[in-house]
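The values are calculated or read from the model by the stated rules, or taken from the named source; none is laboratory data. No experiment lies behind these values; they were computed from the predicted model shown. Here Cβ is always computed from backbone atoms with ideal geometry, including for glycine, and neighbour counts include all displayed protein chains.
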Amino acid sequence: MNKDQIKGYDFSDDSLPPKVVLEHLRAHDARMDDEQPYMALAKASYTTRFWRYIEGSEDLNSTYEMSKLDQVEVNRIKPALTGYLANLYPRRMKVVVGQSPYTTGDTAKAEMLVNDWINQPTMRERILAASRQALLYKGAGAKVGYDPAEEGLNRVWMRVFPYWEMVLDSDVHDWDDARFVGHVSYQPRSEIIKKYGLEEDLSGVARDDYLGAYLANSKRVGHKEQDADDDSTAFVRVLEFCNLVDDFYDTDGTRYKGRLEIYVLDGYDGDKPVYIGPLPLVDGNGKSLPHIVPLIFEHEPEYPYRGLAYAEQLLPQQKELNTMRSYLAQSARRDARMYLAPKGALDADAMDNLSSGEDGSIIEVDEQYAGNLGNVVVPVMHGPVSSNIFNSMSLSEADFDRSQAISPSALGQVTKATASEIMAIEGHTQSEFGRHAEQRDLFLIRIVERCLAAHVASLYDTGDSEGAEQNIDEQGIELSDSELEERRDAQGIEEKPEFTPHEMYDPETGKAEFAETEEEHLRLGEEGYGHEKIEEIKEDDDDLDEDDSSIIDLAARVEPERQTAEQSRVERSLVLLDSRGERVDVMAEDIDSDFDIGFSEAGRSPLSRIEMRNNILQLSDKLLQLLQVAQQAQGTMSTLAIEMYKTIHEQFEFPKNLSFDYIEGQAAQQAEEAPQEVPPEAQEEPAEAPPEETQQSEAPSPEEVIEQIKQLPPEQALEALSQIFADDPKAMEVIEKAKGLPAEQQQQAVQMLLEAIEVAQ
């Protein structure tokens, strides 16, 4: 929709009109302002800038005041998160794509595609970046989109953004009840003006570091954004809002569930979006998908979109460790730098030399003490450092280990814990790690779903995931109007004409209404009005024939533009390489389907993963034996083998790709793709003619002939049928074509011809 259309857009019946959207944004900003101090402290601890953060905080500086000389920092946060991530994500993630009750696509091609895409080095790093932020802060966000101007897997992209830019429906009590999800960020002013055709006088501000403001000794609350120095440094705040409850109606009358709204915010003056369109992605069931996916490992019990940070449970111990180690350093420093001296024995310069402790320095003493220098300066002897400091440090270390979602022993660290303590920590590890692994898998499943949907869209669409046409070439240089027109012509794209006022007609009465604007056109289309002019139909008209009825039905269709677009779109393919290096062409129809998506190792801690692998190795021979019995035996033995296999798979929690149903599905698919071999019996020479007396016996009936042909291999059956239909040119043409087909299709041709004989009989 262009700007003029949006100005006339009716938001009166919407659950989330622009006014309400901006209210939710204000509430989001208020929550982020409250949570910013915590997130800034978490980042400072992760980056070994704890004391720098403390000095910049007016609230904390008085509580944790410490001389710069005594500031000691022990960074336990970063190694804890780094080690946790290394165990949470294996080196290579294995996505398992299986059949669902509604699958119509190719599971093998879909699985190959998503595994190649998600295991790209850049993609893996982005997934790890999102997870790192979600553990350190309270969550993170990811966006998935497509750009058909790119080639191969790069057509579909994913970007990660921080928690404070993620606008969530934090008041709902269930994941599926979310009314919206959004992304608010600062974007270059010049790009936004060009992208949405805005006025050049759009004000811009200098982009600041959301968390860095604290480190610069200034708080965000009440912090006034500075005007940009020039256009090159000017940014504007943009809200990308996925409205999940209100529908979008295209100008041709097409209804979309949910919609994408883009707001350009100058303060809070952006009272209308600058773009409205359908949600950019559609899943295999035809359901519209938001392209923004949140990742929240922990959340408040009642509110799934209110995140809790993993690092939050570690910060109290981190602060205590830093404080106690600094007290220890302070105590040691004071013990080495306190003296007693007679008044007047040392002048100011001598006092500085003594306190600085510089090597080779000469300290002059008043002349009256020349003969007795031993009494001039006497070190103050302190008692030993209090054991309370060491006890407190030990308790903090133990509390830190217990607060981790993964045990030190699982990370390979040597500990002094007892066996019972290790078992207790491992039990906590299993539960905590398992919950986080489940959220990891849900996040990745949503990412994979959008990956497939984006690839489907990119194979059809010539624009990008926001519905905008790409006006740049492969080198990123903006195309001129003439160059853009040439590309449209080459791609078979027709520019949408300007709206022309016209009449629309009621398909039942023939009544005409004048559509002066696109909004009127939309309204009339919703009421069933069409474009074709028809004669008024009278109630007593009994002469209406079938052709007239077809005209009326045709006139009721209000999607000519949609139909034209469907006809003109060109389907592309995506080229992949399989494990053997052979080319695999993936079409949209192969992946535009509903699939069952999972992972080969889901919800496991490092220890349970090792245990699972050991179990697989120990039981591999038994599993193979059960598979052989299930495939070769019949009746009770086959059923028993299948159930035993399924029980072992379930009890030992083996990966999904080792399940009986998955293996059977893969085997069936490979069998279909394998070349059909002619059975040995089909290659044998025909049997010798029976003795003459047999030939003179009574001829078989037509029914017997049909039954005999049914028992023959397809190739022999076709030869027999060629003798029966020797005088029928059309039948012979079918038989000759069938001889060159695979065995399965030959059998279908035989069945068709036999049915024709039965009908004739």
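Take the range 727-757 and flag every residue that is under 24 Å from Glu672 (Cα atoms) and of a type in the set (Gly, Ala, Ser). Within the range 727-757, Ala738, Gly740, Ala743, Ala749 meet the criteria. In the set (1) more than 32 Å from the chain's Cα centre (by Cα); (2) at pLDDT 85 or above, Ala332 fails one condition alone, (2). For the range 678-692, the criterion of being at pLDDT 75 or above and not in a loop (DSSP other than H, G, I, E, B) is met by no residue.
Are any of the residues in the range 180-189 modelled with pLDDT of 95 or more, of a type in the set (Gly, Ala, Ser) and surrounded by 13 or more Cβ atoms within 10 Å (Cβ to Cβ)? The answer is yes; a qualifying residue exists. Residue count for the range 112-159 satisfying the condition of being among the aromatic types (Phe, Trp, Tyr) and either under 17 Å from Leu444 (Cβ atoms) or within 12 Å of the chain's Cα centre (by Cα) (or both): 2. Taking the numbered list (1) modelled with pLDDT of 90 or more; (2) assigned to a loop (DSSP other than H, G, I, E, B) in turn, Pro294 passes all entries but (2). Scan the range 233-260 for residues that are more than 20 Å from Val20 (Cα to Cα), part of a loop (DSSP other than H, G, I, E, B) and among the aliphatic types (A, V, I, L, M) and the total you get is 0. Answer with yes or no whether Pro273 is assigned by TED's automatic domain parsing to the domain that holds Gly141 and outside any strand (DSSP E or B). Spelling it out, Pro273 is indeed assigned by TED's automatic domain parsing to the domain that holds Gly141 and outside any strand (DSSP E or B). Considering the conditions (1) modelled with pLDDT under 75; (2) not assigned by TED's automatic domain parsing to the domain that holds Glu719, Leu627 is excluded by exactly one of them, (1). Right, Gln71: under 30 Å from Val245 (Cα atoms) and at pLDDT below 90 or not? The answer is no for Gln71. Residues in the range 428-459 that are modelled with pLDDT of 85 or more, β-branched (Val, Ile, Thr) and over 10 Å from the mean Cα position of the chain (by Cα): 1 in all. Identify all residues within the range 197-223 that are more than 13 Å from Leu265 (Cα to Cα), surrounded by 15 or more Cβ atoms within 10 Å (Cβ to Cβ) and at pLDDT 70 or above; write none if there are none. Correct list: Arg207, Asp208, Tyr210, Leu211.
The residues of the range 632-676 that are assigned to a loop (DSSP other than H, G, I, E, B) and under 19 Å from Ser620 (Cα atoms), listed by number, are Phe652, Glu653, Phe654, Pro655, Ser659. Looking at the range 387-395, can you tell me whether even one residue there is surrounded by 15 or more Cβ atoms within 10 Å (Cβ to Cβ), in a helix (DSSP H, G or I), touching a Gly at 6+ places or on another chain (Cβ under 9 Å) and modelled with pLDDT of 70 or more? No, the range 387-395 contains no residue that is surrounded by 15 or more Cβ atoms within 10 Å (Cβ to Cβ), in a helix (DSSP H, G or I), touching a Gly at 6+ places or on another chain (Cβ under 9 Å) and modelled with pLDDT of 70 or more.
Which is surrounded by 21 or more Cβ atoms within 10 Å (Cβ to Cβ) and assigned to a helix (DSSP H, G or I), of Ala142, Ala134, Ala86, Ala108? Only one candidate qualifies: Ala134.
Per the listing Val274, Val365, Val264, the residue uniquely surrounded by fewer than 19 Cβ atoms within 10 Å (Cβ to Cβ) and either more than 49 Å from the chain's Cα centre (by Cα) or at pLDDT 80 or above (or both) is Val365. Pairs meeting the criteria (first residue in the range 14-25 and in the same structural domain as Arg179 (by TED's automatic domain parsing), second residue of a type in the set (Val, Ile, Thr), beta carbons under 8 Å, at least 6 apart or on different chains) are Ser15/Val245; Leu16/Val245; His24/Val167; Leu25/Val167; Leu25/Val184. The single condition from (1) part of a strand (DSSP E or B); (2) over 25 Å from Glu438 (Cβ atoms); (3) not β-branched (Val, Ile, Thr) that Asn154 fails is (1).
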